[in-house]
Amino acid sequence: MSTTRRTFLARCVSGLAASTVAYRCGDATAAKSDRPIFGLIGAGWQPDTKRQGRGIAIGSQAARLADIPVICELDTVAAEFANQKICGGKATIVDDYRRVLDDPSIEAVLIATPDHWHAKIAIEAMRAGKDVYCEKPVAVTIQEGQWLRAVAAETGRVFQVGTQQRSEYDQRFLKAIAMVRSGRVGNLRRIHIGLGAGWKGGPFATATPPPSLNWERWLGPAPLTEYIPQRTHRTFRWWFEYAGGQLCDWGAHHVDIAQWAIGQENGGPISIGGTATMNQPLRSGMPTRSDTYNTPIEFSVTANFPGGIEMLIDSSRNGITFEGDRGRFFVNRGTLEGTPVSQLDDRPLDDDAVTSLYHGKQPTSHMQNFVDCLKSREQPISDIATHHRVLTTCHLANISLRLGRTLHWDAKTEQISGDDEAVGLMSRDYRSGYEINGV
């Protein structure tokens, strides 16, 4: 680091520390020891979409329990909107996440950037001594997930993934897992996971980036390309350059619950393959044009797990159906239904069926679980190690669809067998200046 950069960062840290003393977003009457201090990195898409970004959602959840004196965002319109929404306009806004990591008063970071930034920021945050709450999916490749798991273990930082189905929604997902594990459907043979269809779109016209957005910085680790409005904000997830489409967006939630239910939260499939309707033709799994969404639209993937369990992941109705030789039931964020569920009135689950899944404790809100773990130094309910395993299944599904063939996976060695082209899609290149170093 040059002397000039050291001086610059020292001034930035001094400025942030001063702003922290002047104002802490949240309950100003609470003692400092009672409320951790978070930095929010990534606020979401522009307010003219009339949709709140995940950064605003998790920031609002965190502000009930912690102070948020600084918000980092590359779109000034989104930054101001988030500041007003979360902190009443009193937080400091910065456009470089390193200023948050270099501030010694920040204890933990909330990462809600587009997915392609997650791994780099999270790894640097842990190395800077910060605990991490990161929105899912935390990685855009299998290799990034492996790196995140390794750095979390190396540094001992608390890492919560934003897969809230492990905590919230009236505990119906926890109850579903407990039902499967207690044999309420008998011998489980099949899980059907519906994610809904991905978006279809393009060709799109290029444009001049709006003055409110730092487009080059937004791209970060991803390839440099001309600005297309549909590449940013909410619709970034339909480009492999920045995300993994519906399979990694909703799949990170539902595949997570399914693998947990069958005891594969630290395992993975044996084979995986299927078919999909794509937005554009791919060559060796890579997009052939830059003006069209490139993730799957409609898809049907079958993953075979140990024990003869078949997991069908497709673009049908959002939710999970567990099927066994003695019954079946369906669960999503709005319902838990089926004959085995009705039978709970007469044969309720054991008293500890849910708490045993939640580290022996009563489930709380997802953010409360994170804050509690900052004090206990235990890993939260959505830990990075199991999330990486679940996300690996989602990435493998995408790789199989991109190449149009079935993949064979060794969960112990975490390698694709006999397919060098597929192995190449387990990682990616990073743009110069945005590499992930030290892993």
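The values are calculated or read from the model by the stated rules, or taken from the named source; none is laboratory data. As the structure is a computational prediction, the values presented were derived from the model and not from experiment. Reconstructed Cβ throughout: ideal geometry from the backbone, glycine too, with neighbour counts over all protein chains shown. Only protein heavy atoms, including side chains, enter the accessible area calculation; ligands, DNA and RNA are left aside. Shrake-Rupley method; radii C 1.70, N 1.55, O 1.52, S 1.80 Å.
Does segment 99-119 hold any residues that are charged (D, E, K, R) and either open to solvent by 20 Å² or more (accessible area, probe 1.4 Å) or farther than 22 Å from Ile381 by Cβ (or both), and which are they?
Arg99, Asp102, Asp103, Glu107
Would you pick out the residues in segment 264-285 that are in contact (Cβ under 8 Å) with a residue 12 or more places away in the chain, more than 17 Å from Ser315 (Cβ to Cβ) and more than 21 Å from the chain's Cα centre (by Cα)?
Ile270, Ser271, Gln280, Leu282, Ser284, Gly285 - these are the residues of segment 264-285 that are in contact (Cβ under 8 Å) with a residue 12 or more places away in the chain, more than 17 Å from Ser315 (Cβ to Cβ) and more than 21 Å from the chain's Cα centre (by Cα).
Could you count how many residues in segment 120-152 are open to solvent by 40 Å² or more (accessible area, probe 1.4 Å) and touching a residue at least 40 places away in the same chain (Cβ under 8 Å)?
6
Would you tally the residues in segment 286-324 being out of contact with any Asp or Glu (no Cβ under 7 Å at 6 or more places or on another chain), small (Gly, Ala, Ser) and closer than 13 Å to Asn398 by Cα?
Residues meeting the conditions: 1.
Can you tell me which residue is nearest to Ile257 (Cα to Cα) among those in segment 340-355 that are without any contact (Cβ under 8 Å) to a residue 60 or more places away in the chain and open to solvent by 40 Å² or more (accessible area, probe 1.4 Å)?
Asp352
Can you tell me how many residues within segment 293-320 are closer than 30 Å to Tyr227 by Cβ and in contact with a Pro (Cβ under 7 Å, 6 or more places away or on another chain)?
1
Go through segment 170-195 and give me each residue that's open to solvent by 20 Å² or more (accessible area, probe 1.4 Å), under 25 Å from Asp249 (Cβ atoms) and assigned to a loop (DSSP other than H, G, I, E, B).
Residues satisfying the conditions are Asp170, Gln171.
Working only within segment 64-85, note down all residues that are touching a Leu at 6+ places or on another chain (Cβ under 9 Å), open to solvent by 20 Å² or more (accessible area, probe 1.4 Å) and assigned to a helix (DSSP H, G or I).
Scanning segment 64-85 gives Thr76, Val77.
Tell me which residues, restricted to segment 224-236, are under 21 Å from the mean Cα position of the chain (by Cα) and either open to solvent by 20 Å² or more (accessible area, probe 1.4 Å) or not charged (D, E, K, R) (or both).
Result: Gln230, Thr232, His233, Arg234, Thr235, Phe236.
All but one of (1) part of a strand (DSSP E or B); (2) among the polar types (S, T, N, Q); (3) open to solvent by 10 Å² or more (accessible area, probe 1.4 Å) hold for Gln160; state the number of the condition that does not hold.
Exception for Gln160: condition (3).
If I ask for residues that are in a loop (DSSP other than H, G, I, E, B), touching a strand residue (DSSP E or B) at 6+ places or on another chain (Cβ under 6 Å), at negative phi and crowded, with 16+ Cβ neighbours inside 10 Å, which ones from segment 281-339 would you list?
Hits for segment 281-339 are Asn294, Ser315, Ser316, Asn318, Asn332.
Does any residue in segment 166-179 that is over 15 Å from Pro380 (Cα atoms) come within less than 6 Å, Cβ to Cβ, of a residue that is open to solvent by less than 10 Å² (accessible area, probe 1.4 Å) and among the small types (Gly, Ala, Ser) six or more places away or on a different chain, and which pairs are these?
Ile177/Ala261
Select from segment 266-280 the residues that are open to solvent by less than 60 Å² (accessible area, probe 1.4 Å) and not in a loop (DSSP other than H, G, I, E, B) and list them in ascending order.
Answer for segment 266-280, where residues must be open to solvent by less than 60 Å² (accessible area, probe 1.4 Å) and not in a loop (DSSP other than H, G, I, E, B): Ser271, Ile272, Gly273, Gly274, Ala276, Met278.
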